[in-house]
Structures are given as structure tokens and as C-alpha cells.
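The values are calculated or read from the model by the stated rules, or taken from the named source; none is laboratory data. Model, not experiment: these values are computed from the prediction. Note that we place each Cβ from the backbone using ideal geometry, even for glycine, and neighbour counts take in every protein chain shown.
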Amino acid sequence: MTVRFGLLGAGRIGKVHAKAITSNPKARLIAVADAFEKAASDLAGQYGCEIRTVDNILQSADIDAVVICTPTDTHADLIEQFSRAGKAIFCEKPIDLDVERVKACLKVVDAESATLMVGFNRRFDPHFMAMRKAIDEGQIGDVEMVTIISRDPGAPPVDYIKRSGGIFRDMTIHDFDMARFMLGEEIDSVSAQASVLVDPAIGEAGDYDSVSVMLSTASGKHATISNSRRATYGYDQRIEVHGSKGAVSAENQRPVSIEVANASGYTRPPLHDFFMTRYTEAYAREITTFIDAVESKSPARPSGLDGLIALALADAAVKSVQEGRAVKVSEITGGLADAGVFKGR
């Protein structure tokens, strides 16, 4: 089976997904839609697909699935529309910036029995997957503590900051998902600290650029997250999981993994410059997993529920900073976690 795709959004992340789709032998990129004509025409010219409107893609019989890479405030509406149209849906995070809106959207997905996968690509990074495999095999015993370091090489434009939902919903949300992925348990409480240390304009826009978060599970496991919008040395992505019998970690990756030793000392090449190159294989594996779910008509993971949980953790972090206290996740979800809906990784 070849899954025929429509791509909604031809911006930076849209280009990443277009590459992943067209590199997969089980996929074919049929059409792209974008509000900016040049962005759509450039991508269509590069990959040989058609330019169509969103409404046209919605009604197209020759499209099985869509990848949503449009602005965040359009995601929930598009998910609902394409669910009702019988298309499989891959949507970049987050589904929406409002937890209640996400809940309403997921009700439509469930009612239509639609396939929905949310784009938490880091689960598919081969290094992080190998860590999870080591944990599952019992190599480090029971997981006790997780440390996640995620620092961008530079801050995005302030105009983007203003509509991103803030650092916790835009950047840390990936790390919230990875914390769940590595802990293997749901997070019970969130305690966060946040500052403006990189660019005063980010603070003026109502956001932060430097944050630290402590997550705790009901059993007492911890995850610590360190985020910064500035890393002068490159795209900093590291994880360590400490267990009862040992530890497993993933180091930073480089385009070329060599080390030069001479009279000046030991030197290595710089890190990847950003996510587009650091997570190339993760994006490819992510699309493959989505295609497999479409073919087998099985549930896709990360699911809409995973997207809801990550957003709830982001909201809890915001509330923690604002009120200067640890926040129970149930305060955000309205008792959803206590009802047993959260099912771990």
C-alpha cells in the first residue's frame, strides 16, 4: 500500500516533513497547501506535487492522509474537519494552546474513529529509542531519576514568541513528552522556575528564555528539565536516566563524529546547528510509524491523548512559575489523571 499525503503548511517544519514523506517508499506526496503562494510553489516544484487549497485536499479522493504544519491556532479545527472527512491525520504539536479545546477536539476524533498522531519526533530518535530499549530490558533496573537538557542555539523572532504560547508550550513541551517516555509513569506534580536571561524583548513579550522544571510521579520518581533559548556551542540535546542498577545516557550528536588530537589538545567538530539536521532520522522514523498505523488501521502513538498530557504539563509549569509553588497536574486536567485515563508512555 502507498499512503497518499496532503501537506498543510510549507514552512520550516513542513519542509522537514515533505522530505520525510518523499524519502519513504510507502508514501507519495500528492499536494501541498499554504497561505503563501511562493512557499507552496517552491515546495511543489522541489518534490513534484500539486498545489491545492485546504478545502480541495479535504475533498480529494486521491489523498489518504494529511500532515498538519499550519499555525497552532488552526490545528484543532483542521483535525476535526479531516477526521470527519475520513482522512488519517498527523499533526505537529500542540493540538491547541487550550486544554479544554484539545479535549473537545479529541472527542471528535474518537467519535469518528479517526487515526491521529501528534508530532513528538524525539521519541523516534535512534539514540533515545536505544535508551528506552535498555530500560525495557532491565539493564539499569528500575528508573529513579531522569535528567533532560535541551537548549536551542538561539531564540526565535519575538513575533514568533508572541504567538507560540510561550516557552513551556512551544519548547519544553517536547521535554515533557520525553520525560513521560523515559519515566514510564505519569507525572503527578510540576515545579518550575523561569527567567529572562537571553533577550529582554522576550520578557517584554510576556515569555521566558531560561527555565528549569522538576517533575514528580506519585511513586516518587523525578525528572529534571533544563531549557535555554541560547547555546553558543550548538544545539544541545542530552538525556540521562538513572536507575536502581545503573544509568543510561545519550550524548550530543555531531554531523561528523571524530576527534582530533595534537599538540593543541583534543578537539571535536561542532554540534548540529538545529533540529532540522539533528533529528533527520527521527522525522523519517516518525513518518514510517504513522504510515504503519494507517496501513494496519491501528492506534497511532504519540496519540492525541499524549498531546493533551504534554500541554497539561506545560500549563502546570506556567501556573507553578506564576504562583511560586508545585502544581498538581490534576489541577489542570480536572481530575483526568485520577480517573485512570493517562496510560503512560
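Tabulated results
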{"quantity": "Options A134, A201, A192: the member that is free of Cβ contacts under 8 Å to residues at least 60 places away in the same chain, assigned by TED's automatic domain parsing to the domain that holds A250, outside any loop (DSSP other than H, G, I, E, B) and not charged (D, E, K, R)", "calculated": "A201"}
{"quantity": "Any chance G154 is free of Cβ contacts under 8 Å to residues at least 24 places away in the same chain and either over 15 Å from S226 (Cβ atoms) or hydroxyl-bearing (S, T, Y) (or both)", "calculated": "no"}
{"quantity": "Scope region 103-146; condition within 21 Å of A282 (Cα to Cα), over 18 Å from the mean Cα position of the chain (by Cα) and surrounded by fewer than 18 Cβ atoms within 10 Å (Cβ to Cβ); matching residues", "calculated": "A130, K133, A134, D136"}
{"quantity": "Test: residue in region 273-290 that is without any contact (Cβ under 8 Å) to a residue 40 or more places away in the chain and either farther than 30 Å from K87 by Cα or touching a helix residue (DSSP H, G or I) at 6+ places or on another chain (Cβ under 6 Å) (or both)", "calculated": "no"}
{"quantity": "Selection within region 48-85 - in contact with a Ser or Thr (Cβ under 8 Å, 6 or more places away or on another chain) and either free of Cβ contacts under 8 Å to residues at least 24 places away in the same chain or surrounded by fewer than 16 Cβ atoms within 10 Å (Cβ to Cβ) (or both)", "calculated": "I51"}
{"quantity": "Test: residue in region 55-66 that is under 24 Å from R285 (Cβ atoms), at pLDDT below 95 and out of contact with any Phe, Trp or Tyr (no Cβ under 6 Å at 6 or more places or on another chain)", "calculated": "no"}
{"quantity": "Whichever residue in region 292-321 is touching a helix residue (DSSP H, G or I) at 6+ places or on another chain (Cβ under 9 Å) and β-branched (V, I, T) and, among such residues, is farthest from L106 (Cα to Cα)", "calculated": "V321"}
{"quantity": "Cβ-Cβ under 8 Å pairs, at least 6 apart or on other chains, region 166-182 side farther than 16 Å from D125 by Cβ and without any contact (Cβ under 8 Å) to a residue 60 or more places away in the chain, far side part of a loop (DSSP other than H, G, I, E, B) and among the charged types (D, E, K, R)", "calculated": "M171/D152; M171/R229"}
{"quantity": "Residues located in region 232-246, provided they are part of a loop (DSSP other than H, G, I, E, B) and surrounded by 17 or more Cβ atoms within 10 Å (Cβ to Cβ)", "calculated": "G234, Y235"}
{"quantity": "Unique residue being among the hydroxyl-bearing types (S, T, Y) and outside any strand (DSSP E or B) when the list is S249, S226, S298", "calculated": "S298"}
{"quantity": "Some residue of region 160-176 being among the polar types (S, T, N, Q) and not in a helix (DSSP H, G or I)", "calculated": "yes"}
{"quantity": "Set I149, I173: member being buried (at least 19 other Cβ atoms within 10 Å of the Cβ), at negative phi, under 19 Å from the mean Cα position of the chain (by Cα) and not charged (D, E, K, R)", "calculated": "I173"}
